[in-house]
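Structure, as C-alpha cells:
Since every read-out is calculated from the coordinates, none of them should be taken as a lab result. The structure displayed is predicted, hence computed values, not measured ones. Glycine gets a Cβ as well: all are built from the backbone with ideal geometry, and neighbour counts include every protein chain shown.
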Amino acid sequence: MADPVRPRTGRWLCALLLAASAAARAETDPTFLLKATPEDWPRYFPSYLANGYLSSMTGPRGTESNPAYLVAFMDYKKEDIARPAAIPGWSGIDYSTGSSTAGQFWLNNTRLSDKSFADYGQTLNLYEATLTTHYRYTDDSGKRTAVVVTSFASEAAPHLAASQLAITPEFSGTVQLTFWFTLWAEHQPRFPIRTMNGEEMQAAVAANDMTVLEPLNPATPDRAPVWYYGHTEVRAGEADARELTFWLDGRAIEGLSMAEAAAVGVPADAQPSDVKLIRTPYQLGLTLSVPVQAGHTYRFSKYVAVARQGWGGDAREMLGVASAARAQGFESLLEAHRAAWHTLWQSDIRIEGDAPAQQAVHSDLYYLLSNSTVDTAWPMGACALTPNYAGHAFWDSDSWVFPALLLLHPERAKPIVMFRHRTQQPARERARQYGVRGTMYPWEADPETGVDHTPYFAYGVYREIHVNADIAIAQWQYYLASGDDAWLREHGWPVIREIAEFWVSRVTYNSAAHRYEIHHVVSPDEAYDDVPNDSFTNAAARKALQIATAAAQRVGAAPDPQWARIAADMYIPFSAREQRHLDFDVSVPHDKITWMGSSLSWLVYPNLDLPMSPQVRRNDYEFQLHELKVHGDDPNEMMMVMLAVHAAELGEGDTAGQWIDRNLVGFLKPPFNVRSETAANNAGYILSTSAGFIQSFVYGLTGLRITEQGLTQAYAPVLPSSWKSLRLQNVAFRGARFDITVARDAAGRVRLTRVPHVPS
C-alpha cells in the first residue's frame, strides 16, 4: 500500500531535506525545544506524546514500543484500586539491515552507544508537540543507515497518532521493517491494595524482590511497585498482509472496552517483496521485507487509530479511521496537528529577560495542554496520562491545574468542573457512608466514575476533607471568569449547594468560644493527621460557604442562613503574640519533620488568598521559610512553587524571581523537563507542580485575582530586576480577550497594562 507522499531519493536530496529541517527548527523559538543527547541515555526520563485523550511514553531511539494510555480508561481488578489500563503499545517500529553470516540485527535490540547510534539527537518540540529522533545507525555487521523518526499524537484528530521512520541505507540489499502493537502482559504481582495497610504493602514489596520503593535508576519512578499499570485484555486481533493493516478489540479488567487499528504506509519505490503476519501472545503486526538501494531515502509511516467505550467505535471503525489517515498522508496529518498546536500557543506566557524560566513555562504549559480535553467531563489525573498516583483525580485537578488553565484556556479548564458535577451521585453516597449531608468528594476519585479509590494504606486521608471546599471554589471561579449564568444555574450551583450542606453537617460549634470549628482532619501538610482546626481547611470551608450564599443569590435561590453564620464565626487559628496564623489548633505541637515544613504559604494561594494584613502575610511567610529549614525534608514542589507567589504578594520581585529560579533546580528531570514531586525523588509527571509554576506568573507576579468585580488587581505587580517584562498573551475573561503586560515605566516603576488581544 503506497504512502501518498512519495519519498524523494538521492544523497543530495536527503541533505536538502535535512537542511530544510534544520532551518525550520532554527525558526522555532529555542525555549520551545527540549533536546536529548547521548549524555542523557543513562538518565533518560521519558516524556510523552499526548493529546488529552491518548498518550504514549517516549523512548531514546524513537522506535521503541512504549506504554500507552487512554483518558479515564481504568482497570478495576478485584481487591486492587482502579488504575490506568495500559493499552496495546502503538509506537513500535523496528528495522533490520537483513540477515548476514553473523545473524540478523534489529535496531531496537541494539545497545545504545556512540558507535551504534552516531550523530544522535532527539528533540521534543513543544510548539508543535512532535518528537523527532535522528542518528546514524550501525549494526554489529558494520552496515550503516541514517535514521530519522517523527512521532505525534494528533491534536487535530484526537483518535489518531502517527510515526514515520525515514531510512537512508549506505548499502543495497533487502531490509526488514516490523510494525506492531505490543500486547502487554498483566503486571505481576498484583496486590490487594484495597485492603493492605502500609506495613503489609512494604512486606509484600520486599517478598516479591521489589526491594525498595525508591527508583532503581534515574528514569524509574518512585513507588513503581505500587503505581503499576492496569491491564487490557485483548479479545480479538487480526491482520491483513495485502492491505498492510492490523487491528484489535480489548477490554480493561472489569472495565470499559477499547479498540485500536494501524495502517502502514510504504514508499511507492519500496514495495515489500514479502509480508509476514505477527500474531503472538505479546505482539500483533506485520514484518515487511523491502529491497533498498544505497543512498536513497525511504519513508515508512504507521497510522494508528484508538478509541474507548463512550469515545469512538470498535476495531473495524478504527481501521477505517487509520486507513483514511493513510490515504490523507503523513505530511498532511502532521500539518493539521501543527496548526492545532500553533493555535493553542496563541495563548502564552512570554518572559523577556529569563530564557531558562521561559523554557520551563513552555514545558509546563505543554504538559498541561497535552493532557487536557475540550467539551468533556473528564478531570486530569495527578500525573497526567501515566499510571503514577494510579491516574486518580485529587484536589490537584481543581485547585492547581484548573486555575492555571482558566484564563489562558478556559475551554480546557471547564471539563474539570464538569467532572465534579457529573460525579455528584457517588459523592452523595460517600457522604451518607460517613454520616454527613450533601456531597463528600473523595481524596482520590476514579476519573471515569468519581468513586473513591484511595488505597487502604493511605486511607487516613479520608479526613483530608479540604478537597470539598477546593471543588466549590473552582466551580465559582469558573462562573466568575465565564460570566455564564446558565452554566451556574445548571451545573455549578448544584455542586456548590451540596458542598455547603456538607460543611454545615461537618462543623462543630464551640459555645464557650463562640465559634465554629472543624475537628478530625488531615492537614495539607499530611504528616499531621487527625488534628483539629487546620487553618487551610477551615479557611477553605469558610470560603466555600461564602460562595454558596453568593451563588444562591445569583440563581435566585434562598441561601441557607447557616452558611453566612458559620462563615462569619469560623475559627482560623492565630497567634496574637506572634501576629501570624497557626497551621492548626494550638493544642497540636508543630514539631514533625515533613516535606512541607508548614502549610501557611497555602493560605495565600491565589484561589483562596485568605484576607490578612501585610504584616501577618509577611510573618506567615517568614515562619514558612523557618519551618522549611528546621522541619522540612526534601520539600514538596507543591509548596516550593507557592513561595514565589507569596514573595510577590509581599512586593518582593527579586525574591519571587529567586524562588522561580529555585524551582528549575532538581525538580525538572532531564532531558524533557518532567516535573517531579521533590528534587530528590522520581515521582514524575506531577501536573499540580507544573500548574503551580504557571500560577506564579498568571496570579503571582501580576497580582491578579478573579473576583465578582472582575479580573482585579489584589496586589501591585512585581518583576525580578533582571527581567524586562512579563506578558500574558490572549487572556480570556467574560467573553473578552486581552494581552496583559507587566513592565517598568519610564520612571522604573513596575506597571500592569492590558490591551485588547489582536490575533496574529
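Can you compute the equivalent ellipsoid semi-axes for region 618-760, i.e. the square root of 5 times each eigenvalue of the Cα gyration tensor, sorted largest first and rounded to whole Å?
28, 19, 14
Go through region 513-520 residue by residue and turn each phi into a ³J(HN,Hα) via Karplus (6.51, -1.76, 1.60, θ = phi - 60°); whole Hz please, and just put x for glycine and proline.
9, 6, 7, 9, 10, 10, 9, 6
Which FRET efficiency value, to the nearest 0.05, is calculated for E79 and E317 with the Förster distance at 22 angstrom and r the Cβ-Cβ distance?
Using R0 = 22 Å, I get an efficiency of 0.05.
Going toward the positive end of the dipole of region 348-756, with +1 on Lys and Arg Cβ and -1 on Asp and Glu Cβ, which of T707, L582, M596 do you reach last?
Farthest towards the positive pole: T707.
Which FRET efficiency value, to the nearest 0.05, is calculated for A203 and R279 with the Förster distance at 60 angstrom and r the Cβ-Cβ distance? Walk me through the numbers on the way to the answer.
Working: r = 40 Å, r/R0 = 0.67.
The pair A203/R279 has a calculated efficiency of 0.90.
Would you work out if the chain is rounded, prolate or oblate? Take a ≥ b ≥ c from the square roots of the eigenvalues of the alpha-carbon gyration tensor; rounded if a/c is under 1.5, else prolate when a/b is larger than b/c, oblate otherwise.
Because a/c hits 1.5 or more and a/b exceeds b/c, the chain counts as prolate.
Can you give me the distance in nm between label points at T28 and V758, each placed 7 Å from the Cα along the Cα-to-Cβ direction?
In this crude spin-label approximation the distance works out to 2.8 nm.
Sequence gap of 8 or more, or different chains, plus Cα separation below 29 Å: how many lysine pairs satisfy both in the chain?
17
Would you calculate, for the chain, the mean residue ellipticity at 222 nm contributed by helices, counting each DSSP H stretch of 4 or more residues as -39,500 (n - 2.57) and dividing by all residues, to the nearest 500?
Working: 16 runs with 208 residues, N = 760.
For the chain, the value works out to -8500 deg cm²/dmol.
Listing S56, S257, S511 from the residue with the fewest other Cβ atoms within 10 Å to the one with the most, what is the order?
Arranged by neighbour count, lowest to highest, S56, S257, S511 become S511, S257, S56.
Would you please put 330-338, 674-682 in order of how densely packed they are, using the mean number of other Cβ atoms within 10 angstrom per residue and starting with the highest?
Most protected by this proxy first, the peptides run 674-682, 330-338.
With a 10 Å radius around each residue's Cβ, average the other Cβ atoms per peptide and rank 466-472, 712-718, 726-732, 67-73, highest first.
466-472, 67-73, 726-732, 712-718
Name the long-range amide H neighbours of G98: under 5 Å, sequence gap of 5 or more, or other chain; modelled H, no Pro or chain starts.
The list, which skips near neighbours in sequence, is F105, Q176.
Counting only complete DSSP H runs, which helices of the chain cover 15 Å or more along their long axis at the Cα atoms and score a mean Kyte-Doolittle of 1.0 or above?
The answer, listed by residue number, is 637-649.
Cut-off is 10 Å between beta-carbons; in what order do E652, E233, E155 appear when sorted fewest neighbours first?
Placing the least packed residue first, the sequence is E233, E652, E155.
Give me Y229, Y127, Y516, Y434 sorted ascending by neighbouring Cβ count inside 10 Å, so fewest comes first.
Numbers: Y229 21, Y127 18, Y516 25, Y434 13.
Taking fewest neighbouring Cβ atoms as first place, the list is Y434, Y127, Y229, Y516.
Can you compute 3J(HN,Hα) from phi for each residue in region 168-180, using the Karplus curve 6.51 cos²θ - 1.76 cosθ + 1.60 with θ = phi - 60°, rounded to whole Hz and x for Gly and Pro?
Result, rounded to whole Hz: 10, x, 9, 8, 10, x, 10, 10, 10, 10, 10, 10, 7.
Quick check: Cα centre of region 732-756 to Cα centre of region 347-424, how many Å?
Region 732-756 and region 347-424 have Cα centres separated by 24 Å.
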